[in-house]
Amino acid sequence: MIYRGRYDRQRNAVGTAPGGHLTGALERLRATFRWKTDDLDAAGLNTRIGASALTLGSLLKHLARAEDEMFTAKLSGAPVSPPWDTVDWRADPEWDFTSAAADTPAQLYRLWDTTVDRSRAKLHAALADGGLDQLVHLHWPDGRHLSLRRLICDLIEEYGRHTGHADLLREAVDGRVGEDPPPGWRPHPQP
């Protein structure tokens, strides 16, 4: 995928496609996050700032989990994909963060990239099938179901928080700063 830069994404986000504004905002955050994490070795992906345990690698893995949970389990009730389906979350509720240091950069990038591709396809299919206000599998304890709009907003919020973290972490690694990827940017190819 080629990310065309802020202005193209904003123009595309206001199109007539169902959920255009929300999916445009989500795609902008995905692109910025991926650019902030791109083309790093293990040392770069494992860089920490101060007392925080967050790393760019752990954020890649965590947001891959958030994508899969949002557009698999929460959207339709389907089981999550590997590796999430075999994790003992009671034993290590932050496994996505704590296990990332053991993964290679290629594994982390591949996990995030393939998960986002699956999520994107599931989201577009759901939008075509029932629009933003359709009810999803996830529900409150009283039985009221959430809407697809709510799931997208929740994921935008998750990316907003962690893209800010990624901004600071990447600047600490090599000084990369900026709000958006440069026009025409593509993720660095992985082996």
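The values are calculated or read from the model by the stated rules, or taken from the named source; none is laboratory data. Predicted model, so just to flag it, every value in this text is computed and none were measured. Virtual Cβ from ideal backbone geometry, glycine too; neighbours counted across all protein chains shown.
For ALA73, are the conditions met, namely being touching a residue at least 12 places away in the same chain (Cβ under 8 Å), surrounded by fewer than 14 Cβ atoms within 10 Å (Cβ to Cβ) and either assigned to a helix (DSSP H, G or I) or out of contact with any Asp or Glu (no Cβ under 8 Å at 6 or more places or on another chain) (or both)? No: the conditions fail for ALA73.
In this structure, ALA128 does satisfy being modelled with pLDDT under 95 and either surrounded by 17 or more Cβ atoms within 10 Å (Cβ to Cβ) or among the aliphatic types (A, V, I, L, M) (or both). Looking at the stretch 77-191, the helices (runs of 4 or more DSSP H) lying wholly inside it that each contain 3 or more residues that are within 24 Å of ALA43 (Cβ to Cβ) and not hydrophobic (A, V, I, L, M, F, W, C) sit at 105-130, 148-174.
For the stretch 106-120, a residue qualifies if it is of a type in the set (Ser, Thr, Tyr) and either surrounded by fewer than 21 Cβ atoms within 10 Å (Cβ to Cβ) or touching a Gly at 6+ places or on another chain (Cβ under 8 Å) (or both), and exactly one does: THR114. Applying the selection to the stretch 66-87, what residues are β-branched (Val, Ile, Thr) and within 18 Å of TYR159 (Cβ to Cβ)? Answer for the stretch 66-87, where residues must be β-branched (Val, Ile, Thr) and within 18 Å of TYR159 (Cβ to Cβ): just THR72.
Of the residues making up the stretch 92-101, at least one is within 14 Å of the chain's Cα centre (by Cα) and farther than 20 Å from VAL173 by Cα.
Residues that are basic (Lys, Arg) and part of a helix (DSSP H, G or I) were ranked within the stretch 37-66; the one that is surrounded by the fewest Cβ atoms within 10 Å (Cβ to Cβ) is ARG65.
Per the listing HIS137, HIS145, the residue uniquely over 16 Å from PHE33 (Cβ atoms), modelled with pLDDT of 95 or more and touching a Gly at 6+ places or on another chain (Cβ under 8 Å) is HIS137. If you go through the stretch 113-154 and keep only what is in contact with a Lys or Arg (Cβ under 7 Å, 6 or more places away or on another chain) and touching a residue at least 60 places away in the same chain (Cβ under 8 Å), you end up with VAL116, LEU132, VAL136, HIS137, LEU138, LEU151.
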